[in-house]
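Input: a single structure, listed below in structure tokens.
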Amino acid sequence: MRKLALAVCCLLLAGGLVSGVEVTFVKFDKDKKEVTVKEGGEEKVYKITAATKFSSVDKAGAARALTYDDVLKGLTNPKAAGKLKFDVTAKDGTILEAKMPGKKK
């Protein structure tokens, strides 16, 4: 019984370390590589690093890798603020993975 309780506690703690949620894009600071997003009702600032992985997922669920330059085009677009929604997996204020909405080609 103790082993089961310990396993459940470890699972809950590990789940809290890395969070993946859908966010709404607010603004992007190109110089600092910081993305401000709205998560639920509050705004959060996440840092983009060299280890951040970007992908595009279309409606059928097919994913394709994106480069930082591809993502930069979308984040610097003035029409994206408040409208662009994407999934973010973050840890300690840094984006580990971002899944952007994609279109079929």
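Bear in mind these aren't lab numbers, they're just calculated from the coordinates by the rules spelled out. These numbers come from a predicted model, not from an experiment. Using ideal geometry, Cβ is built from the backbone for each residue, glycine included, and neighbour counts are taken over all protein chains shown.
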Legend entry - Rounded FRET efficiency, nearest 0.05, which uses the C-beta distance separating residue 26 from residue 94 and R0 of 22 Å: 0.80
Legend entry - Length gained when the stretch residue 3-residue 33 is fully extended (0.36 nm per residue, less Cα-Cα span): 6.5 nm
Inset, instruction - Return the lysines within reach of residue 99: Cα separation strictly under 18 angstrom, same-chain partners fewer than 8 residues apart disregarded; answer none if there are no such residues. - result: 27, 33, 38, 44, 47, 53, 59, 73, 83, 85, 91
Inset, instruction - For every other residue with a beta carbon closer than 11 angstrom to the beta carbon of residue 81, add +1 if it is Lys or Arg and -1 if Asp or Glu, then tell me the sum. - result: +4
